[in-house]
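Shown next, in structure tokens, is the structure this report addresses.
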Amino acid sequence: MSLVKRISFKNLGDSRGDLVSFEENKNVPFSIERVYCIINTALGESRGFHAHKELKQVLICLKGSCDLLLDNGKLRESVKLDSFQSGVFIDSFLWREMHNFSSDCVLLVLASHKYDESDYIRDYSEFLKVIK
Ligand code: TYD
């Protein structure tokens, strides 16, 4: 079983350029309550290093690339995000880290809930305890 749940987004573009659409409960498997973007990540910096208790997310790299590492406490899997036509669904209770951001990387995150710090598990040993 792969931890990486890919979602394909159709390119609705034409000769004028590309266009991609994200619709809640259609090509995104939850109601979207929040959208945020990770941009201009400093060279060599990584992000994430947490899991969520409730939150579900879809990550789409609109420009450039980065590596997404997913970990369920048993398996660790890494995937390159480098296309606006391919997102990754991250369910709750999955540890995630993002590495190797290209300088032009624009990472779009669609999230099922509003920001709530109490939903985060930021300590890896606590994550391992919680998922047991
Ligand atoms: P954080 O989730 O730690 O970033 P990442 O996991 O991508 O490295 O968020 C960084 C800071 O921004 C932290 O202080 C919380 C704040 N934040 C919000 O206020 N709202 C949000 O929607 C997000 C994602 C973060």
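Looking at the stretch 47-112 from every direction and averaging, what is the projected area of its Cα convex hull in nm²? Averaging across all directions leaves 4.0 nm² for the Cα convex hull.
Filter the GluC sites (Glu not before Pro) in the stretch 42-132 down to the DSSP loop ones having no more than 15 other Cβ atoms within 10 Å, then list what survives.
For GluC sites (Glu not before Pro) across the stretch 42-132 that sit outside H, G, I, E and B with at most 15 neighbouring Cβ atoms in 10 Å, the list reads Glu45, Glu54.
Sorted largest first, the spans of the alpha carbon positions of the chain along the three principal axes are 52, 35, 30 Å. Calculated [222 nm] ellipticity per residue, helices only, for the chain: -1500 deg cm²/dmol; basis is -39500 (n - 2.57) per DSSP H run with n ≥ 4, divided by all residues, nearest 500.
Computed over neighbours whose Cβ is under 12 Å from that of Gly73, the net charge equals +2, Lys and Arg +1, Asp and Glu -1. Computed from phi, the 3J(HN,Hα) profile of the stretch 105-111 under the Karplus parametrisation 6.51, -1.76, 1.60 (θ = phi - 60°) reads 5, 10, 9, 9, 10, 9, 10 Hz, with x in place of Gly and Pro.
Of the trypsin sites (Lys or Arg not before Pro) found in the stretch 1-90, the ones in coil according to DSSP and having at most 12 other Cβ atoms within 10 Å of their Cβ are Lys10, Arg16, Lys26, Lys53, Lys74. The local environment of Lys53, defined by Cβ-Cβ distances under 10 Å, has a net charge of -3 under the rule Lys, Arg +1 and Asp, Glu -1.
If we count every other residue with Cβ under 9 angstrom of Met98's Cβ, Lys/Arg +1 and Asp/Glu -1, where does the sum land?
Residues close to Met98 contribute a combined charge of 0.
Applying 1/(1 + (r/R0)^6) with r as the Cβ-Cβ distance of Lys132 and Glu45 and R0 = 25 angstrom yields a FRET efficiency of 0.20.
No value in this document is a laboratory result; all are computed from the given coordinates. Here the structure is a predicted model, which is why all the values come from computation and not from measurement. In this analysis, Cβ positions are derived from the backbone assuming ideal geometry, glycine residues included, and neighbour counts consider all displayed protein chains.
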